[in-house]
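Right, one structure below, let's go through it.
The values are calculated or read from the model by the stated rules, or taken from the named source; none is laboratory data. Predicted, not measured: the structure shown is a model, and the values here were computed from it. Glycine gets a Cβ as well: all are built from the backbone with ideal geometry, and neighbour counts include every protein chain shown. What goes into the accessible areas is simple: the full protein's heavy atoms, side chains included, and nothing from ligands, DNA or RNA. Shrake-Rupley method; radii C 1.70, N 1.55, O 1.52, S 1.80 Å.
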Amino acid sequence: MYDVIILGAGPAGLSAAIYTGRAKLSTLVLESAMVGGNAGITDLIENYPGFPQGINGSELMTLFMRQAENCGAEIRYDEALDLEAVAEGIKVKTSSGELQARAVLVATGARRKALEVAGEQEYLGRGVSYCATCDGAFFKNCPVAVVGGGDSAVKEALYLSDIASQVYLIHRREGFRANQTAVERMRANDRITLKLNKVVDSIEGDPGGVKRVLLKDVVNGGIEALSVEGIFVSVGMVPAIGFLGNRLATDNGYIVVDDRLMTSMPGVFAAGDICSKKVRQVATAVGDGALAGVTITEYLKE
Ligand code: NAP
């Protein structure tokens, strides 16, 4: 029996663990994949205060993890499969058994969305990737494409421009959602070629992997073949909430919380990218985590 079980060791979950650990609540953080979440696979984070030159995402998340552990939190690799309200609190079913806590924080974040085009699943791991910092090194001096126009896509294109021979950034319109500074840097990079007003029609290859991507022009319907060996899909996120079924109230798949970050299930809180909200940044996830840490502490004193 823990006081708090936190699902997800990303910026929100680890920040909450720092607060609940310092409040002397027994705190277990469960992580199913990799500590740091999406921030941990970001090459350079430039908008998190305190690091004027920017900081590598994995380095920053390692610091978060150490700080949470120093505050008394236990971090364990295990996957949460379900939550259930019981008389003494919340039961958490995991892939290795059952745990119980007086309160639970869901901070499982969001995962990369698939394009859902022909060839995407077939060539997954053989040219199709959802993470440039994880797989980019396999494409040294090869032509690659990145799909998307948000912060993730632009960052991945910039990261890959130091590795690949050529980077094509494919975006379905002319305007970018991404931060303007990064867009300007991308536009000035002569290793990055923009393919605007284009969508991916299909990904093709041979048994060795991806060889080309077919692009459809959204203005005139024309089809263009682009020779690439890698394609990095970065077209947004989907909340990592599948394990909860319909247990919590959601909006568009994201968890609805009140001003204390409590969900529709008493004793279960949510923080970070998994919540229905407008801005998803490391800084806002940290803010959510801090708030959840404080409100959970208050809730357990009530
Ligand atoms: P995002 O901001 O939702 O952008 C997704 C991009 O993919 C959009 O440009 C969208 O086009 C495009 N897109 C969506 N579906 C598509 C489809 N089926 N085919 C082609 N293009 C498609 O997602 P994100 O870049 O992953 O970022 C997620 C959140 O994390 C955002 O809040 C972002 O600010 C944040 N983030 C921040 C940083 C940072 O360093 N500050 C880094 C990474 C992520 P449209 O624009 O036309 O809709």
With a 10 Å radius around each residue's Cβ, average the other Cβ atoms per peptide and rank 291-300, 103-112, 52-61, highest first. 103-112, 291-300, 52-61
By the Cα gyration tensor axes a ≥ b ≥ c (a/c under 1.5 gives rounded; else a/b larger than b/c gives prolate, otherwise oblate), the shape of segment 114-233 is oblate
Just subtract the alpha-carbon distance of Lys91 and Arg185 from 0.36 nm times their residue separation and send over the number in nm, one decimal. 29.0 nm
If one computes the Cα centroid of segment 210-253 and of segment 166-180, what distance in Å separates the two points? 14 Å
Placed amide H near Met237: partners under 5 Å, 5+ positions off or other chain: Lys113
If one computes the Cα centroid of segment 36-84 and of segment 95-114, what distance in Å separates the two points? 16 Å
Quick one: grab the alpha carbon gyration tensor of segment 1-136, order the square roots of its eigenvalues as a ≥ b ≥ c, and give me rounded if a/c is under 1.5, else prolate or oblate depending on whether a/b is larger than b/c. oblate
Measuring from label point to label point, each 7 Å out along Cα→Cβ, what is the Ser264 to Asn56 span in nm? 4.3 nm
Carbon-plus-sulfur fraction of the accessible area of segment 114-233, 1.4 Å probe, in percent? 46 percent
What's the ranking of 186-197, 65-76, 269-280 by average number of surrounding C-beta atoms within 10 Å, highest first? 269-280, 65-76, 186-197
Can you give me the distance in nm between label points at Ser227 and Asp82, each placed 7 Å from the Cα along the Cα-to-Cβ direction? 5.4 nm
Pulled fully out, how much extra length does the chain show between Val219 and Glu174, if you take 0.36 nm times their separation in residues and subtract their Cα-Cα distance? 15.1 nm
For segment 55-196: accessible area per residue (Å², 1.4 Å): 49 Å²
Taking Cα atoms only, helix 151-160 is inclined relative to the longest principal axis of the chain by an angle, in degrees rounded to 10, of 60 degrees
Asp251 to Ser26: extension gain in nm, 0.36 nm per residue of separation minus the Cα-Cα distance? 77.9 nm
If r is the Cβ-Cβ distance from Ala118 to Asn70 and R0 is 35 Å, what FRET efficiency results, to the nearest 0.05? 0.10
Which cross-chain or sequence-distant (5 or more) residues have an amide H under 5 Å from the amide H of Phe176, H modelled 1.01 Å from N in plane? none
Angle between the chain longest axis and helix 57-70 axis [Cα atoms, degrees, rounded to 10]: 10 degrees
